1. Could you provide, to the nearest whole Å², the per residue accessible area of the chain with probe 1.4 Å?
2. Ignoring ligands, DNA and RNA, please state the percent of accessible area on segment 1-66 from carbon and sulfur, probe 1.4 Å.
3. May I ask for the angle, rounded to the nearest 10°, between helix 14-25 and the longest principal axis of the chain, with both axes built from Cα atoms and the value confined to 0 to 90°?
4. Below 15 angstrom from the Cβ of A49, what's the summed charge of the other residues (Lys, Arg +1; Asp, Glu -1)?
5. Work out the FRET efficiency for A73 and A22 from their Cβ-Cβ distance, taking R0 = 22 Å, and round it to the nearest 0.05.
Amino acid sequence: MQERKTVAIVGCGDIGIALGQALLADGHEVIGIRRDVSQLPGSFRRFAADVGSKNDVSKLPSAVDVWVYAVAADGRSATSYKRAYEIGPANIGE
């Protein structure tokens, strides 16, 4: 039997939800993190957060075994890309 892990999926959209459901089926705990959690399955622990905000990220759970970063930029501007692919990972990694 494998060890039960707590997996946080940051930017939990369609792909993250599919991954989370597979992980739940294998007996793991799943934390779904996105700005709007209303579309996440009820079986996920849900956290509303914008990874571009240090304040939001500081409120995320710390007892996580595995982090999956699956964020997509919310636009095609340099600012959107920077928030999603530079600022967000830096905030999560702190």
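1. Per residue, the chain has an accessible area of 61 Å².
2. 49 percent
3. That helix lies at roughly 20 degrees to the long axis.
4. In short, +2.
5. 0.30
The values are calculated or read from the model by the stated rules, or taken from the named source; none is laboratory data. Every value quoted in this text rests on a predicted model; they were computed, and no experiment measured them. Virtual Cβ from ideal backbone geometry, glycine too; neighbours counted across all protein chains shown. Calculation scope for accessible area: heavy atoms of the full protein, side chains included, ligands and nucleic acids excluded. Shrake-Rupley method; radii C 1.70, N 1.55, O 1.52, S 1.80 Å.
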